[in-house]
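Each remark here refers to the structure printed beneath this line.
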Amino acid sequence: MGTKSRDGTVLETKKAKVKPPPLFKVMLLNDDYTPMEFVVLVLQTFFSMSREKAYQVMLKVHREGMGVCGVYPRDIATTKVEQVLSHARKHQHPLQCVMEET
Ligand code: TYC
């Protein structure tokens, strides 16, 4: 874009390019060892799900291999992943949690 002033100078006007911040899906991965009850409690504790919703998501992960726990801005998604991994390791479960841009 350009605007011509009286002396012929072209003044560049740039359109503000403000993109909304990217969002990230936080996902749990299935494994053969983490107890179902532990995964349900993780979903209730770190993703504020009701017991019923947590059970549904846990079963989806168990049957399909992965499932989305929530969608967040980068820093919140990073914290959720760290919290889940730290909690799982503390209890010696191999549960994996990852994030991916939407
Ligand atoms: N597959 C596990 C079992 O049979 C349960 C499980 C569900 C593990 C979801 C991880 O993200 C997971 N005990």
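The values are calculated or read from the model by the stated rules, or taken from the named source; none is laboratory data. Computed from a predicted structure; not experimentally measured. When we count neighbours, we look across all protein chains shown, and the Cβ atoms used for this are built from the backbone with ideal geometry, even at glycine. Keep in mind that these areas ignore ligands, DNA and RNA; they rest on the heavy atoms of the full protein, side chains included. Shrake-Rupley method; radii C 1.70, N 1.55, O 1.52, S 1.80 Å.
How much of the accessible area of the chain, probe 1.4 Å, is carbon plus sulfur, in whole percent?
Working: 4030 of 7310 Å².
Carbon with sulfur: 55 percent of the solvent-accessible area.
Taking the alpha-carbon distance from Lys14 and a cut-off under 28 Å, which lysines remain once sequence neighbours fewer than 8 residues away in the same chain are dropped?
Lys4
Can you give me the angle between helix 36-47 and the longest principal axis of the chain, using Cα atoms only, in degrees from 0 to 90, rounded to the nearest 10?
Roughly 30 degrees, rounded to the nearest 10.
Taking 1 over the mean of 1/r across every pair of different Cα atoms in the range 22-102, what Kirkwood radius in Å do you get?
Values: mean 1/r = 0.0810 Å⁻¹.
Result for the range 22-102 stands at 12.3 Å.
Count the net charge of all other residues whose Cβ sits under 15 Å from the Cβ of Pro22, scoring Lys and Arg as +1 and Asp and Glu as -1. Before the final figure, lay out each step's value.
Numbers: positive: Lys17, Lys19, Lys25, Arg74; negative: Asp75, Glu100, Glu101.
Around Pro22, the surrounding residues sum to +1.
Rounded to the nearest whole Å², what accessible area per residue is found for the chain with the 1.4 Å probe?
On the way: 7310 Å² over 102 residues.
That works out to 72 Å² per residue.
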